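Worksheet for the structure shown next.
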Amino acid sequence: MTPISVYDPLRSEMIRDPYPTYARMLEETPIHWHAGMEAWVVVRHADCVRVLREHETFARDPRRNGEKIPEFRQNVQMMDPPEQTPLRRLLVSAMRSQDRKKLFDDAVAFLRDTLTARRPGEPFDWMSDVAAPFALHLSASLLGVPEPDASDYAEISHGIALRMDSGLAPENIPEGDAARKRLNDLGESWFPRPEGDDGLVAQLIRRADDEFLGGHYMRNSAAMMFNASYGTIFAMVGNAALLLAAMPEILAELSEPEILPTGVDELVRYDGPAQGTSRVAVRETTIQGTRIAAGDSVVTLLAAANRDPRVFDDPHDIKLDRRPNPHLGFGSGPHACFGSEFGKLSISAMINALSDDAVRLRLAAEPTRRVTATVRSLGVLPVCLER
């Protein structure tokens, strides 16, 4: 197998803007072997959807390929159907039972208070001063758990994000595993919840049978949900804020109620946090006529698929009224993000807070992106508010 060198996700040019490279790959190397990751890289929308949905052939659970996974890494997102189905159904049901209007109103109020504290024209870092506390607050509100210490949790979240890139940077594994154990310890502290508590974690406890409640899967899954919520919201409101600062005319369009739902989906498609995810083939198959052997890893580049011209007209343009919009910003299949509506809620709340207060974001200096491949996120976003 001949490696193709065009895809180097930790290269500075890719961290800054991966989309020109993705465009080349969509046309020139839609599937190729990546020697560094020892995996097949797949970029076209149809191929990514197939890999994500065909769990019988492409496993998320490494144990199906004979790998041993320590207990601290076992949660609902690692499991495959049919083993995963009862727990995922329980988590989805608890998520859907949440009062979305209450969460939305609280999120808008939190952002308004945060922005009101800023003087017009005064530079500040959107990521540390807005995105991080907002992600922490909304995630704790959603799960009905106490807010962790902000600086402590930022370390945990960043360590887990680094662990996602261990195929490219194996040296990240110790720090990432240590962060996961700290996260699980945090989740352990949430069980049991007091009587009368109506938060998501409390509902999980009341609805779960002994198989899940008595084991580690429920606690690890609750901790994983919190981190997925925090990391997604942090990255999404950062990426969206950068777009609004660079193209302020978008905010005026998004303030229209009929445009907001499709507009939020379009922002996720255009520059969402999720860049890729991996599976392992448990039996021989083919993709685009290429033989995939049993045991081979397959990396699906979701962000590339979201710019596939076979699916999206003018894929490099923002079309706030785009319909249909089958983007893969939240994945697809049995491991699709079951909190996607709350991720979109966070962007809607940000747009409402900015629109209601007639606030415009202006870049105060060049932003800095985190050097991570799996999650596309800003590290520093210097902005000013204009009223």
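Only one of Pro273, Pro248 is in contact with a Leu (Cβ under 8 Å, 6 or more places away or on another chain), touching a residue at least 40 places away in the same chain (Cβ under 8 Å) and not aliphatic (A, V, I, L, M); which? Break it down stepwise before answering.
Numbers: Pro273 fails: in contact with a Leu (Cβ under 8 Å, 6 or more places away or on another chain).
On inspection, the qualifying residue turns out to be Pro248.
Name the residues in region 89-106 that are surrounded by fewer than 19 Cβ atoms within 10 Å (Cβ to Cβ) and more than 21 Å from Ile351 (Cβ to Cβ), would you? Steps first, please.
So in region 89-106, the residues surrounded by fewer than 19 Cβ atoms within 10 Å (Cβ to Cβ) come out as 89, 92-93, 96-97, 99-106.
Within region 89-106, Arg89, Val92, Ser93, Arg96, Ser97 meet the criteria.
If you go through region 243-263 one residue at a time, do you hit one that is at pLDDT 95 or above, assigned to a helix (DSSP H, G or I), within 26 Å of Asp47 (Cα to Cα) and not hydroxyl-bearing (Ser, Thr, Tyr)?
So far as region 243-263 goes, yes, one or more of its residues are at pLDDT 95 or above, assigned to a helix (DSSP H, G or I), within 26 Å of Asp47 (Cα to Cα) and not hydroxyl-bearing (Ser, Thr, Tyr).
From the set of residues in region 262-297 that are of a type in the set (Gly, Ala, Ser) and over 29 Å from Asp17 (Cα atoms), which is farthest from the chain's Cα centre (by Cα)? Outline the logic, then answer.
Going residue by residue through region 262-297, those that are of a type in the set (Gly, Ala, Ser) are 263, 272, 274, 276, 278, 281, 289, 293-295, 297.
Those left that are additionally over 29 Å from Asp17 (Cα atoms): 281, 289, 293-295.
Working: Ala281: 23, Gly289: 31, Ala293: 29, Ala294: 28, Gly295: 26 Å.
That would be Gly289.
With region 1-110 as the region, which helices (runs of 4 or more DSSP H) entirely inside it contain at least 3 residues that are over 22 Å from the mean Cα position of the chain (by Cα) and within 28 Å of Val311 (Cα to Cα)? Walk me through it before giving the result.
Details: elements: 12-16, 19-28, 45-53, 85-96.
So the answer is 19-28.
Yes or no: Ser157 at negative phi, of a type in the set (S, T, N, Q) and surrounded by 17 or more Cβ atoms within 10 Å (Cβ to Cβ)? Before the answer, list the steps.
Values: at negative phi: yes; of a type in the set (S, T, N, Q): yes; surrounded by 17 or more Cβ atoms within 10 Å (Cβ to Cβ): yes.
So Ser157 fits the description; yes.
So Met127 fits all but one of (1) touching a helix residue (DSSP H, G or I) at 6+ places or on another chain (Cβ under 7 Å); (2) over 18 Å from Gly238 (Cβ atoms); (3) modelled with pLDDT of 90 or more; what number is the exception?
All conditions pass for Met127, except number (2).
From Ser355, Ser348, grab the single residue that is in a helix (DSSP H, G or I), of a type in the set (Ser, Thr, Tyr) and under 24 Å from the mean Cα position of the chain (by Cα). Spell out how you get there, then give the answer.
Numbers: Ser355 fails: under 24 Å from the mean Cα position of the chain (by Cα).
None of the other options fit; the residue is Ser348.
The values are calculated or read from the model by the stated rules, or taken from the named source; none is laboratory data. Bear in mind the structure is a predicted one, so any value in this text is a computation, not a measurement. With ideal geometry, Cβ positions are generated from the backbone for all residues, glycine too; neighbour counts draw on all protein chains shown.
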